[in-house]
Amino acid sequence: MELYLDTSDVAAVKRLARIFPLAGVTTNPSIVASGKTTIDRLLPELHSALGGQGRLFAQVMATTAEGMVEDARKLRSIVPDLVVKVPVTAEGLAAIKLLKAEGIPTLGTAVYGAAQGLLAALAGAEYVAPYVNRVDAQGGDGIQTVAELQQLLTLHAPGAKVLAASFKTPRQALDCLLAGCESITLPLDVAQQFISSPAVDAAVAKFEQDWQTAFGQTSL
Ligand code: E4P
């Protein structure tokens with residue numbers, strides 16, 4: 001499977017790349033806009049925070065297919081192996097087809113339904129990103145959407161992968177993986193929750209305390 005961080009926080013990527021088996025970093029326009037720098041500066045910084053390895057994802061801003069293709073070329077001129085995120089609108093689907101013909105890898109984003117995601121994959125997207133928490137927030141079932149999309153891709157577009165996105169809890173991410181999706185992208189707070197909990201900290205502290213009591217030190 002592939003694990004990504006959904007962030008523009010370069011320092012956090014550097015820190016967590018040491019700990020997590022990271023496949024790369026995803027961004028979206030809101031994430032980039034929340035940072036303090038331009039996309040031209042940010043993307044190379046994220047790339048080097050990953051040690052020059054791993055995949056970066058950044059999104060087009062144009063709303064026409066031709067404009068999206070131009071944006072995709074611009075993004076790829078900043079980081080050559082970047083995966084271009086394209087919203088799965090009617091124009092977005094046309095752009096995904098054009099970019100596929102150019103050999104530029106895409107991720108179909110802003111996916112709220114399994115059929116919408118399947119269309120992106122059939123158009124040639126390498127990844128499809130269903131928005132789990134946003135579907136839940138609309139009164140839908142984000143995990144069910146991921147499970148259906150995964151099944152559709154397995155049956156009809158086996159070359160494409162679900163990259164599940166928009167998480168507010170580790171449980172949502174686990175449920176997507178259990179539904180068979182191959183890749184997820186986590187915001188920093190959810191990634192952090194995977195490795196820190198008061199119960200774990202308390203267990204480690206108790207080991208130290210018992211060792212200290214018995215041997216007068218906390219080292220071996
Ligand atoms: C992924 O493609 C999206 O940009 C992102 O995961 C959305 O997350 P949010 O719903 O927490 O904003």
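All of the numbers you see were taken from the coordinates with simple rules; none came from a lab. Everything numeric here is computed off the predicted structure, so don't read it as measured data. For neighbour counting, all protein chains shown are included, and Cβ atoms are generated from backbone atoms with ideal geometry for every residue, glycine included.
Numerical summary
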| quantity | calculated |
| --- | --- |
| Sorted by Cβ neighbour density within 10 Å, fewest at the top, the residues Met68, Met1, Met61 | Met1, Met61, Met68 |
| Under the Karplus curve 6.51 cos²θ - 1.76 cosθ + 1.60, θ = phi - 60°, whole-Hz ³J(HN,Hα) for the stretch 125-142, x wherever Gly or Pro sits | 5, 6, 10, 10, 10, x, 9, 4, 5, 5, 5, 4, 5, 8, x, x, 10, x |
| The stretch 35-93 and the stretch 187-201: distance between their alpha carbon centers, rounded to Å | 29 Å |
| Helix axis angle, 114-123 relative to the chain longest principal axis, alpha carbon, degrees | 60 degrees |
| Estimated dipole of the chain in Debye, rounded to 20 [Cβ of Lys and Arg +1, of Asp and Glu -1, Cα centre] | 320 debye |
| The chain: angle of helix 39-49 to the longest principal axis, Cα-based, in degrees nearest 10 | 40 degrees |
| 16 Å Cα-Cα reach of Lys74 towards aspartates and glutamates, excluding residues that sit fewer than 8 places from it in its own chain | Asp40, Glu66, Glu102 |
| Of Lys14/Lys97; Lys14/Lys85; Lys97/Lys168; Lys36/Lys97, those spanning more than 30 Å from alpha-carbon to alpha-carbon | Lys14/Lys97; Lys97/Lys168; Lys36/Lys97 |
| Against the rule of thumb 2.2 N^0.38 Å, how large the Cα Rg of the stretch 2-215 comes out | 1.11 |
| Computed over the chain: relative contact order in percent, which uses C-alpha pairs under 8 Å that are six or more apart | 15 percent |
| Shape of the stretch 106-148, Cα gyration tensor, a/c cut at 1.5 | prolate |
| Mean separation of Cα contacts under 8 Å (6+ apart) over length of the stretch 25-125, as relative contact order % | 22 percent |
| For Val60, residues with placed amide H under 5 Å, excluding near neighbours | Lys85 |
| Loop-exposed trypsin sites (Lys or Arg not before Pro) per DSSP, neighbour cap 13 Cβ within 10 angstrom, longest uninterrupted part of the chain | 37-220 |
